[in-house]
Every structure is written in structure tokens, then in C-alpha cells.
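Take a look at the structure set out below.
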Amino acid sequence: MAALSGLDIVIPSWISWGGVQLIMHKTALHLAESGNRVLFCDAPYAFTTMWLHPEFKQRIKNDFRNWRGGVRRIAPNLHVWTPPPLFFQMGILGVIDGCNHQLMRRSMAGVVRSLGFRRPLVWSYHPFYLADEAFLDPCAVIFDCNDRIAAYHSNQKKRRLLDPMEARLLRRADRVMVTASTLREDLGTIREDLLYLPSGVDEQVVERAADPNVEIAPDVAAIPHPRVGYLGAIDPRLDYDLLVALAMADPQWQLVMVGPELSPAPAALKALPNVHFLGGREPHELAGYLAAFDVGLIPFRKAKYVRYMFPTKSYEYLAAGIPTVSVEIPALRDLEPLVRVAAEPGEFVAAVAAALEESGEEATELRRKRIAEARANTWPQRFAKADAVVAEVLRSKGLTLPA
């Protein structure tokens, strides 16, 4: 039986359910399938964001409609709730943050009561969602930290308000897990007993993508080799200048972009004849694209938040055994030489060229090691470790878990 079962669990997330599926979505599905009742809480949003970032207008309108529609049951034991709209974003002024938290707590308390949750386990991914969890009378609070959310904000004044919220959650949580070694290094100055648990990869993706007989998706099969591919969300985190330089470095290289376009990519990139935007795909379709790539790309722009990343796509590329080239992400240095990490744009282009030249016994051995690394880091393995840790926390509090 699963280490965790028969619990009511609330998951505050910094990415909404309709976004790209990341660790918080995988965790929610796992916990629901294990026999727990789960409430996944979509990311907070503010009307002011529409004025500051018009490109997010439609997304915020969708969030507003989801809030008006109430709690959604999307799978057995799994409910998704979109919070009410905030007028101002977090981190503008302390008194506004206080009002935001009061609104969030009051609204969440009503939803939790309506679902009949009692003494829920709070498994949080969002350090600014709640100023505290006491209103829920939780049996325990877990902080599963997969990023430094404040680092996404360029405004230093905003970060000065947000960073203390993160520190408070770090201190009050019963257990804290981190997905990158850099998170462990930085947050370890606040709390020492951090548990390092990287993200994972779907077992089905590993088995299918590693299969030499996997069927290649027709739309990518029509694109000639060499295919230099990116799998993930198309959004402002990408270094579009780097991608333009890569596509122009060799017109024979076909740059294949697979993922939902959350904000428009530059016309200069789309206009290049060897660049192909194929759109978003369902999880069960990914293997047919991964296996088609000759090189996998992790092309994020330089930003403070990149320091704390452990991109889930890393293991997806490794699952297919393909060479992977990334910009400077400290957590990926541990995966060299299976992943080539480039500090500068020129190095990135050169690394792609070197990856395309892999051949012979060396290439065969690297492919074997990449697939083995992916198989050693599947989601079930991650969940088993996390569940065991959380179960121990609950037992230490006198809560009896199913045998």
C-alpha cells in the first residue's frame, strides 16, 4: 500500500492546473491515485497584471471564469480550485499583501469546508500563497520547493517583500524538500534539514522514447535531419536571440519547437525557414517527438531564477538517449557529460555542433548512460521517497496511517 493514503491534502501551487504539467501536477495526481482526497489550488492572479502585461489578459480572463465556475472535479479524488482575483499583485505593499492573504484564506477555508476536508495535510509549492496555514488546522505542512519564485521578479523592492514570506514558510513547515542543489545551498542558510529530491520523468516516456522502434510523430518525421529540438512551454523564459543565432549558424540544422505558445514568439525567429513551431502535445505523445530529435535543447535566457532550476525536460531528453545542450544551469553540471552545459551563446552553438558529431562506440555508451540516468529518476521513485518522509512526519505527530 502507498505510504500515504486516506488523507485530505491541499496543494497551493504557483502554476495553474491548465499550465504545463510540472512537479506539482504530477504530485497531485499521484496522491489522488494513492487514495487521498486532493485539492489543487491554482496560482493566484491579479487584475493589475492585465494592465502591466497585456499578453496575459486572456489567461487572467480564463482564471476569472474558472473562479466563477467553482471547484472542478477533474479525476477521482482530485479537485481543482481557482482562487478569487486579487486586485494587486503580491509584493507591492505589505498592507496589500495582508489583505490578499486574508482574502485567500477566507476563500480557501470555504472550499475546504465544502469538500468536507478535516485537518488536511498542506503540501505547498507556493511560499506566498498563505501567510500561515493555521486556519486549516493542518495535520502537517510540507514545503516542496522547486524554484525561487521571487527571483522571477526583476523589481528588487518586490523581492524584499516576497523573500521574507518564503523564509517564514521554510521555518514553519514540518519538512522541506528541494529539487535543485542550488536551492539546498541557498536555503540551507535559513534551515539546515533540507531534503534534496530532484524532479522525475514518466516511466512510460522512458520506456517508449528509449525504444528504437518507437513510432515517430508524422509532423516531425516530415522534417529532415539534423533535428535540434526543444520540448516545453514557449514563453518569455526562452532566450530567443540564442535560438535565432542557433538557427542561423547552419541552415541545415532544423530547429523544432514542441510546446504550447503561452506568449507569442518573435516574428524574426518564426520567419526563419529552418525553424518549425509544432504546438503543444499531450504527455502520451511526447515519446514520438523526443525520439525524433538528434539534440535536445534547454535554451533559457540568463536570469536570476535560472540558478535554481532543475528542468524536468532534462530527464525527458535523457530518456530518449539523445545529446542535450543547456545554457548555464548549475543543477545540470552534475549531469555532465550526459548533458553539455554552455556558459555563453558561442559555446552553446559549438556544443550543439559537437553533439551532432557523436558517433561510434562513444555515442552508443553515452546513449546507454543517458537512458540509465533517466530510469533511475522516474516520478514513482521520487514519490516513494517523498511519501516515506511525509509519513514519518505524520507518525511523529501521533497520526496513525493505514498499514
Subject >> P(r) tail fraction, the chain - alpha-carbon pairs more than 42 Å apart, % >> reply: 13
Original post:
For the range 200-264, what is one quarter of the convex hull surface built on the Cα atoms, given in nm²?
Top reply: 5.8
Original post:
Once the Cβ-Cβ distance between Ala354 and Ala222 is put in as r, and R0 is 30 Å, what FRET efficiency do you end up with, to the nearest 0.05?
Top reply: 0.65
**OP:** Could you work out how far apart the two model spin labels at Ile190 and Arg113 are, taking each label as a point 7 Å from the Cα in the direction of the beta carbon, and quote it in nm?
**Re:** 3.1
Original post:
How high is the relative contact order of the range 203-375, given as a whole-number percent (alpha carbon pairs under 8 Å, six or more residues apart)?
Top reply: 24
Original post:
With the contact rule set at Cα under 8 Å and sequence spacing of 6 or more, what percent relative contact order holds for the chain?
Top reply: 15
Original post:
Between Glu282 and Arg333, what is the FRET efficiency for a Förster distance of 22 Å, r being their Cβ-Cβ separation, to the nearest 0.05?
Top reply: 0.10
**OP:** Could you check how many percent of all C-alpha pairs in the range 157-215 are farther apart than 14 Å?
**Re:** 66
Original post:
So what are the radius of gyration and Dmax for the Cα set of the range 205-305, in Å?
Top reply: 13.4, 41
Subject >> Non-local Lys pairs in the chain, i.e. 8 or more apart or on different chains, that have alpha carbons under 24 Å apart >> reply: 16
**OP:** Compute the separation of the alpha-carbon centres of the range 288-306 and the range 335-385 and state it in Å as a whole number.
**Re:** 11
Original post:
Rg and Dmax of the range 1-116, using alpha carbons, in Å: what are they?
Top reply: 15.0, 50
**OP:** Apply the Kirkwood formula to the range 76-119: the hydrodynamic radius equals the inverse of the mean of 1/r over all pairs of different alpha-carbon atoms; give it in Å with one decimal.
**Re:** 11.9
**OP:** Write down, largest first, the equivalent ellipsoid semi-axes of the range 246-343 in whole Å, where each equals the square root of 5 times an eigenvalue of the alpha-carbon gyration tensor.
**Re:** 21, 17, 15
**OP:** Any chance you could run the full-extension gain for Val20 through Ser396? It's 0.36 nm times the residue separation minus the Cα-Cα distance, nm to one decimal.
**Re:** 131.8 nm
Original post:
Which value, to two decimals, describes the C-alpha radius of gyration of the range 203-375 once divided by 2.2 N^0.38 Å?
Top reply: 0.95
**OP:** When a/c is below 1.5 the answer is rounded, else prolate if a/b is larger than b/c, else oblate, so apply that to the range 342-389 with a ≥ b ≥ c taken from the square roots of the Cα gyration tensor eigenvalues.
**Re:** oblate
Original post:
Going through the range 332-371, which GluC sites (Glu not before Pro) have at most 11 other Cβ atoms within 10 Å and a DSSP loop state?
Top reply: Glu357
Subject >> Estimated distance in nm for a label pair at Ile92 and Ala372, the labels positioned 7 Å out from Cα along Cα-to-Cβ >> reply: 5.5
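Readers should treat all values here as calculations from the given coordinates under stated rules, not as data from a laboratory. Bear in mind that the values here come from a model prediction, so they are computed numbers and not experimental data. Positions of Cβ are generated from backbone atoms using ideal geometry, with glycine treated the same way; all protein chains shown enter the neighbour counts.
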